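Let me begin by presenting the structure, written as structure tokens, before commenting on it.
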Amino acid sequence: MEDINLTLENVASIVQHALLHQPITDMHTHLYPPTFGTPVPNRTGHTDTSGLMLWGIDQTLTYHYLVAEVFRVVPATQLPFEAFWKMTVTQQADHIWKTLFVQRTPISEACRGVLTLLERLGLDPNEKTLDSYRRFFSQQNPDDYINRVMELSGVNSITMTNPVFDDNERQRWLGMANRGPDARFKAVLRIDPILRDYPTAARRLHEWGYAVEPQPSAQSMAEVRRFLGEWLDRQQAIYIAISLPPEWTYPLGPGTTDAAALAGQTMLEQAVLPVCRQRKLPLAMMIGSRLRVQPQLRDAGDMVGRADVSAVVNLCLRHPENKFLITMLARENQHELCVAARKFGNLMIFGCWWFLNNPSLIEEITRMRLELLGTSFIPQHSDARVLDQLLYKWPHSRACIQRALTDKYRDLLHTGLRLTQSQVQRDVRLLLADNFKDFLAR
Ligand code: HDL
Ligand code: ZN
């Protein structure tokens with residue numbers, strides 16, 4: 001088929017077409033296939049209440065972003081946290097729908113997302129109750145529904161987050177030995193406690209049969225390396241991931257007396273990074289989450305904090321043989337992180353994470369990244385926790401990326417540069433898939 005030259009008149013439609021038709025590798029989500037259990041009945045009526053595959057209207061409405069928002073309208077002084085947590089998921093969903101979608105205008109990004117996904121499924125977002133939506137989902141089979149959501153959202157590869165220090169997660173992996181992986185999903189070994197709380201991690205690893213000691217001895221380092229290798233093999237994981245608090249820094253100052261922090265740093269340098277180097281796996285570090293600031297909100301109780309980009313610079317400088325996938329949670333860190341990425345080829349920045357995953361910030365950050373990094377970054381990941389969210393997180397982000405890209409191509413056309421549709425398609429393929437795949441393979 002003949003290539004099309006870009007003009008000021010056709011550039012927007014060519015960019016939109018390229019984004020819509022480029023299969024997306026979603027490189028960070030909290031999604032699971034049905035083999036990890038589903039808390040919503042499937043065709044056989046089977047429900048696994050601790051199932052990890054979240055989907056359907058009730059799971060969508062009780063997403064922790066919406067839990068935080070509903071407590072702003074009906075505060076805990078009216079509906080105590082404990083009373084809310086005692087409710088069933090359907091009761092919580094009814095409360096959230098009534099409060100945020102019926103009694104108030106659902107104008108927040110998390111609310112608008114629910115309306116977008118309902119519309120994408122061909123459902124009327126104007127219902128006053130959830131009955132008709134529940135009827136629709138009761139007729140879906142989880143496995144078929146995954147295929148439908150992937151097709152509608154344009155995602156052809158879902159990267160999971162697999163926190164092996166979570167008992168439910170770990171037991172499911174150990175019990176799954178004979179079941180092959182689901183080709184639509186790729187695993188990621190998530191190991192926060194090893195760096196954030198080494199004493200607890202050491203105790204648990206010891207319980208699981210690894211001779212890890214309370215102090216980061218040579219034996220402990222070797223056993224943590226064995227643990228990492230065994231789980232990377234079990235999961236066929238494509239990278240190792242950790243999230244870190246805003247105050248995380250690297251290297252720790254010479255006068256540091258915090259034994260847990262020193263142990264975490266030793267484990268990073270003597271166990272995690274060597275295993276990643278040996279297997280050519282990236283280490284993904286998600287920096288800036290201060291956990292359970294409001295503990296009564298549970299998953300909804302985490303906060304953002306400005307972090308130290310020089311820690312990322314020192315990491316990339318001191319470990320040139322390692323590959324780092326980095327995202328930071330504070331808007332204030334984004335420009336400095338972008339400039340850091342200009343200095344290190346072993347640093348790939350990704351996504352507009354969590355509290356940055358809002359159109360006003362996605363567009364601002366994407367424009368800055370295009371201007372500073374060209375096409376050498378990963379603009380977005382969904383971070384979806386409920387399968388249905390792919391149906392809004394990607395359309396909303398694509399619209400932002402489209403506006404930023406279109407303006408940048410227009411700027412290029414004004415220089416007299418000739419551009420074609422196939423070049424736009426190549427750029428979009430890099431941004432939505434190949435930058436990640438190439439970084440893994442590098
Ligand atoms: O640590 C993470 O991976 C974060 O994405 C958290 O899961 C957070 O709760 C979240 O869901 N953000 O979107
Ligand atoms: Zn996440």
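Checking each residue of segment 159-181 against the condition of being more than 30 Å from VAL40 (Cα to Cα) and among the hydrophobic types (A, V, I, L, M, F, W, C) gives no match. Among the residues of segment 286-294, are any under 20 Å from the mean Cα position of the chain (by Cα), closer than 30 Å to VAL424 by Cα and surrounded by 15 or more Cβ atoms within 10 Å (Cβ to Cβ)? Scanning segment 286-294, I find at least one residue that is under 20 Å from the mean Cα position of the chain (by Cα), closer than 30 Å to VAL424 by Cα and surrounded by 15 or more Cβ atoms within 10 Å (Cβ to Cβ), so the answer is yes. Can you pull out every residue in segment 365-385 that is away from ligand 1 (no atom under 16 Å from the Cβ) and without any contact (Cβ under 8 Å) to a residue 40 or more places away in the chain? Selection gives THR366, MET368, ARG369, LEU370, GLU371, LEU372, LEU373, GLY374.
Kindly establish whether VAL424 is hydrophobic (A, V, I, L, M, F, W, C) and within 15 Å of ligand 1 (Cβ to nearest atom). No. The lone criterion from (1) away from ligand 2 (no atom under 16 Å from the Cβ); (2) in contact with a Lys or Arg (Cβ under 8 Å, 6 or more places away or on another chain); (3) within 30 Å of CYS338 (Cβ to Cβ); (4) of a type outside the set (Asp, Glu) left unmet by LEU273 is number (2).
Looking at ALA307, ALA330, just one residue is within 16 Å of ligand 1 (Cβ to nearest atom) and within 16 Å of the chain's Cα centre (by Cα), and that residue is ALA330. If I filter segment 3-15 down to residues being in contact with a Ser or Thr (Cβ under 8 Å, 6 or more places away or on another chain) and more than 18 Å from THR415 (Cβ to Cβ), which single residue comes out as surrounded by the fewest Cβ atoms within 10 Å (Cβ to Cβ)? That would be ASP3.
Please find, within segment 349-377, the residue that is nearest to ligand 2 (Cβ to nearest atom) out of those that are among the aliphatic types (A, V, I, L, M) and farther than 27 Å from TYR145 by Cβ. Checking each candidate, the answer is LEU356.
Being under 24 Å from GLU213 (Cβ atoms), assigned to a loop (DSSP other than H, G, I, E, B), among the aliphatic types (A, V, I, L, M) and away from ligand 2 (no atom under 16 Å from the Cβ) holds for only one residue in LEU232, LEU262, LEU252, LEU268, and it is LEU252. For segment 278-306, the tally of residues that are in contact with a strand residue (DSSP E or B) (Cβ under 9 Å, 6 or more places away or on another chain) and within 16 Å of ligand 2 (Cβ to nearest atom) stands at 14.
Among the criteria (1) touching a residue at least 12 places away in the same chain (Cβ under 8 Å); (2) of a type in the set (A, V, I, L, M, F, W, C); (3) assigned to a loop (DSSP other than H, G, I, E, B), the one VAL312 does not fulfil is (3). Mind listing just one residue for me: the one in segment 250-285 that is of a type in the set (A, V, I, L, M, F, W, C) and within 18 Å of LEU440 (Cβ to Cβ) and, of those, surrounded by the most Cβ atoms within 10 Å (Cβ to Cβ)? It comes out as ALA284.
Note on segment 365-442: enclosed helices (runs of 4 or more DSSP H) holding 3 or more residues that are touching a strand residue (DSSP E or B) at 6+ places or on another chain (Cβ under 8 Å) are 435-441. For the residues TRP55, TRP85, the requirement of being out of contact with any Gly (no Cβ under 6 Å at 6 or more places or on another chain), in contact (Cβ under 8 Å) with a residue 12 or more places away in the chain and farther than 18 Å from GLU151 by Cα singles out TRP85. Evaluation of LEU79 against the conditions (1) within 16 Å of ligand 1 (Cβ to nearest atom); (2) of a type in the set (A, V, I, L, M, F, W, C); (3) in a loop (DSSP other than H, G, I, E, B) shows that the sole unmet condition is (1).
Only one entry in HIS28, HIS64 is surrounded by fewer than 20 Cβ atoms within 10 Å (Cβ to Cβ), within 16 Å of ligand 2 (Cβ to nearest atom) and in contact (Cβ under 8 Å) with a residue 12 or more places away in the chain, namely HIS64. Taking segment 95-113 as the range and being in contact with a Leu (Cβ under 7 Å, 6 or more places away or on another chain) and either within 20 Å of ASN357 (Cα to Cα) or surrounded by fewer than 17 Cβ atoms within 10 Å (Cβ to Cβ) (or both) as the test, the residues that pass are LEU100, PRO106, ALA110, CYS111. Against the criterion of being of a type in the set (Gly, Ala, Ser) and closer than 30 Å to THR406 by Cα, SER50 does not qualify.
All of the numbers you see were taken from the coordinates with simple rules; none came from a lab. Just so it is clear, the model here is predicted, and its values are computed rather than measured. Neighbour counts run over all protein chains shown; Cβ positions are idealised from the backbone, glycine included.
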